Amino acid sequence: MKKKFPIGKKRKDRKTVNEKPDENILEKAEEVPEESPAENAPENAEKAGEAQTSAGDEKTLFADRLEKAEKERDEYLDMAQRVQADFDNYRRRNASLRAESFEDGAREAIKLMLPVVDNLERALEAPSEDEKLKEGVAMTLKQMLGILEKRGVTVIDRKGEKFDPRLENAVMQVDASQGEPGTVAAVLQKGYRMGDFVLRHAMVQVVAE
């Protein structure tokens, strides 16, 4: 059973709020030695050295990373420049091939037109009483020759000049009485060239040497 205390009386063993702290505790707290700066100097120096070492390591690591990044940058720049140069070369080659292909196609188309020109010329040379027909043929031939001229096509017709196998095919020889030896005596079929390209060699007679 709990002991009952009379009302108004306090228990003697209970400490009051305003009770002073134990003086022995205060004395012990005062007796705790303080560390002097001299005693902490080695430890502080060691920590400072570690900090400097860490900072140096970080600088070295940063420098290594920067050097690696600059090397990769130079490699990528060099690669990009090579790719750009290769693309420029490809574009030039492609443009050149397109131009050559166009010219090849134009030359082949003109070659197909040459027999038409031959037939129009023969039609004009043939005797006919129909003047309107001859006029129409002449106009058509003129138009055809105008188209060829615009494309840079010229006629190979070198009668009386020295025979040139690059421009002419000799299909017949005649005696020296018809001209100077080695020259073209007559053109049997006109030749045509487009610039330096021979579309068709001329068929000629050559004076025998």
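Residues whose amide H lies under 5 Å from that of Q189, counting only those 5 or more places away or on a different chain, are M203; hydrogens are built 1.01 Å from N in the peptide plane. The order of the peptides 57-70, 187-200 by mean Cβ neighbours within 10 Å, most packed first, is 187-200, 57-70. Once you sort the root eigenvalues of the Cα gyration tensor of region 155-209 as a ≥ b ≥ c, which label holds: rounded (a/c under 1.5), prolate (a/b larger than b/c) or oblate (the other case)? Since a/c reaches 1.5 and a/b is larger than b/c, the shape of region 155-209 is classed as prolate. Cross-link pairs exceeding 20 Å between alpha carbons, from the set K132/K159; K111/K134; K142/K190; K111/K190; K111/K150: K132/K159; K111/K134.
Backbone phi angles across region 85-99, fed through the Karplus curve with coefficients 6.51, -1.76 and 1.60 (θ = phi - 60°), yield HN-Hα couplings of 5, 5, 5, 4, 5, 4, 5, 5, 4, 5, 5, 5, 5, 5, 5 Hz in residue order; Gly and Pro are listed as x.
Read the figures in this text as sums done on the coordinates, not as results from a lab. Computed from a predicted model, the values in this text were never measured in an experiment. Cβ atoms come from the backbone with ideal geometry, glycine included; neighbour counts cover every protein chain shown.
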